[in-house]
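Quick notes on the structure that follows.
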Amino acid sequence: MPLHIDFFLSEFSVAKIHVGDQVDVTLDAYGDTRVLQASVASIDTSPTDQAGILAYKTSIQFTSVDPNIATGMTANVTIHPTHI
């Protein structure tokens, strides 16, 4: 089963994305030249309080299994919205 990444987005950002949108992921451990593919798997419809700021939990799932990805690695994501 491919790993996933959970993170929180503001209402401004979450309004621009949809489940299925393509995502580029880089991991700090491997630098920004190794880009992994993922897609938006889910977006919460209700916000969560994150230190006094309402944000929407968003999950992305890697497209394929990569044995070099480990739980807890720092990830950077770029979401490519299909609808704006």
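The values are calculated or read from the model by the stated rules, or taken from the named source; none is laboratory data. Source: prediction; values computed, not measured. As a convention, Cβ positions derive from the backbone with ideal geometry for all residues, glycine included, and neighbour counts pool all protein chains shown. Protein only, heavy atoms only, side chains kept; ligands, DNA and RNA dropped before computing areas. Shrake-Rupley method; radii C 1.70, N 1.55, O 1.52, S 1.80 Å.
One table, with the values for the structure above:
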| quantity | calculated |
| --- | --- |
| 3J(HN,Hα) from dihedral phi, region 18-25, Karplus parametrisation 6.51/-1.76/1.60, rounded to Hz, x for glycine, proline | 9, 4, x, 4, 7, 9, 9, 10 |
| Around His83: net Lys/Arg minus Asp/Glu count, Cβ-Cβ under 15 Å | 0 |
| About the Cα centre, charge dipole magnitude for the chain (Lys/Arg +1, Asp/Glu -1 at Cβ), debye | 80 debye |
| Phi to ³J(HN,Hα) by Karplus 6.51 cos²θ - 1.76 cosθ + 1.60 over region 60-76, Hz, x for Gly, Pro | 10, 10, 5, 5, 9, 7, 10, x, 7, 8, 10, 4, x, 5, 7, 10, 10 |
| Neighbourhood charge, 15 Å Cβ-Cβ cut-off, centred on Lys57 and excluding it, Lys, Arg +1 and Asp, Glu -1 | -4 |
| Solvent-accessible area, 1.4 Å probe, carbon plus sulfur percent, for region 10-81 | 52 percent |
| Accessible area per residue, Å², the chain with all protein chains present, probe 1.4 Å | 65 Å² |
| Overall dimensions of the chain by Cα: Rg and Dmax, Å | 13.0, 37 |
| Amide H within-cut-off set for His18, under 5 Å, with H built and near neighbours excluded | Thr82 |
| Mean residue ellipticity (222 nm) of the chain, computed from DSSP H runs ≥ 4 via -39,500 (n - 2.57), nearest 500 | -500 deg cm²/dmol |
| Under Karplus coefficients 6.51, -1.76 and 1.60, residue-wise ³J(HN,Hα) of region 28-45 in Hz, glycine/proline x | 3, 4, 10, x, 8, 8, 9, 9, 9, 9, 8, 9, 5, 9, 7, 9, 4, 8 |
